[in-house]
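Notes follow once the structure below has been shown.
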Amino acid sequence: MKCTSCNKGILSPSFIDGLFRAHTCTECGGNWVLIEDYLIWKERNPEFEFSDEVTCEAEDSTTTLLCPVTGTVMRKFRLAAKNSHRLDYSSSVGGVWLDKGEWELLKKEGLAGSLNAVLTEYWQNNIRLDSAKDSFEAIYKDKFGLQTYGKAREFREWLNNQPCKADLRAYILADDPYSARK
């Protein structure tokens with residue numbers, strides 16, 4: 001198979017960290033991994049723990065990649081909300097392309113044992129929710145200032161833990177809570 005990323009090298013049979021089968025590009029060092037091979041290995045080694053003490057300089061392919069098996073466009077899946085890195089996945093084959101250093105990045109981020117989970121809709125939806133929360137938090141911090149935002153968060157948390165929070169909200173939001181007029 002020809003490399004899907006650099007289009008120069010050949011994908012030759014190899015193993016990721018000597019653990020499970022892959023195909024590594026002879027030119028760019030990227031890896032083609034079938035999720036099935038990863039899951040079989042994971043099932044046989046349930047107690048295995050990856051070290052997160054890894055130095056890595058992961059590359060990230062910014063262009064659209066084609067599946068080296070079918071030639072179809074692969075989807076990009078984010079690793080986490082605070083990390084812009086994306087993995088390329090071919091759902092028709094069940095294979096994932098790991099650019100050079102991405103396996104080390106997965107280990108460093110504590111995600112090497114969850115490679116299959118990263119490729120699920122559930123995982124990706126949670127990343128979108130986390131990203132939205134981070135965006136709103138940045139807006140509020142900018143709008144209110146750090147100190148006021150911090151106090152507002154504390155107050156909000158306190159209010160949400162009160163048994164009669166609806167009445168407390170009405171009291172706080174009323175122009176004159178001691179008046180019978182609206």
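Does G113 count as at positive phi, surrounded by 10 or more Cβ atoms within 10 Å (Cβ to Cβ) and not polar (S, T, N, Q)? If you could, list the steps in order and put the result at the bottom.
Working: at positive phi: no; surrounded by 10 or more Cβ atoms within 10 Å (Cβ to Cβ): yes; not polar (S, T, N, Q): yes.
No: the conditions fail for G113.
Sort out which residues of the range 145-182 are of a type in the set (G, A, S) and open to solvent by 80 Å² or more (accessible area, probe 1.4 Å), and write them in order of number.
A180
Can you name the residue in the range 62-81 that is in a loop (DSSP other than H, G, I, E, B), crowded, with 17+ Cβ neighbours inside 10 Å and of a type outside the set (A, V, I, L, M) and is also nearest to the chain's Cα centre (by Cα) among such residues?
Result: C67.
For the range 23-61, name all the residues that are more than 21 Å from the chain's Cα centre (by Cα), of a type outside the set (D, E) and assigned to a loop (DSSP other than H, G, I, E, B).
Residues satisfying the conditions are T26, C28, G29, N45, P46, F48.
Looking at (1) of a type outside the set (D, E); (2) part of a loop (DSSP other than H, G, I, E, B); (3) open to solvent by 80 Å² or more (accessible area, probe 1.4 Å), which one does S84 not meet, given that it meets all the others?
All conditions pass for S84, except number (2).
Return the pairs, sorted by first residue and then second, in which the second residue is crowded, with 19+ Cβ neighbours inside 10 Å and of a type outside the set (A, V, I, L, M, F, W, C), the first residue lies in the range 107-120 and is assigned to a helix (DSSP H, G or I), the beta carbons are less than 8 Å apart, and the residues are 6+ apart or on different chains.
L115/Y38; N116/Y38
When the range 28-61 is examined, which residues are found to be touching a strand residue (DSSP E or B) at 6+ places or on another chain (Cβ under 8 Å), acidic (D, E) and open to solvent by 30 Å² or more (accessible area, probe 1.4 Å)?
If the condition is that a residue be touching a strand residue (DSSP E or B) at 6+ places or on another chain (Cβ under 8 Å), acidic (D, E) and open to solvent by 30 Å² or more (accessible area, probe 1.4 Å), then D60 is the only one that fits.
Taking interchain pairs and intrachain pairs at least six residues apart, which have beta carbon atoms under 7 angstrom, with the first residue in the range 69-86 and more than 24 Å from A112 (Cα to Cα) and the second polar (S, T, N, Q) and in a strand (DSSP E or B)?
T70/S90; T72/S90
The values are calculated or read from the model by the stated rules, or taken from the named source; none is laboratory data. Keep in mind it's a predicted model, so treat the numbers as computed, not measured. Every residue, glycine as well, gets a Cβ built from its backbone with ideal geometry; the counts of neighbours run over all protein chains shown. Just so you know, the surface numbers come from the protein's heavy atoms only, side chains and all, with ligands and any DNA or RNA stripped out. Shrake-Rupley method; radii C 1.70, N 1.55, O 1.52, S 1.80 Å.
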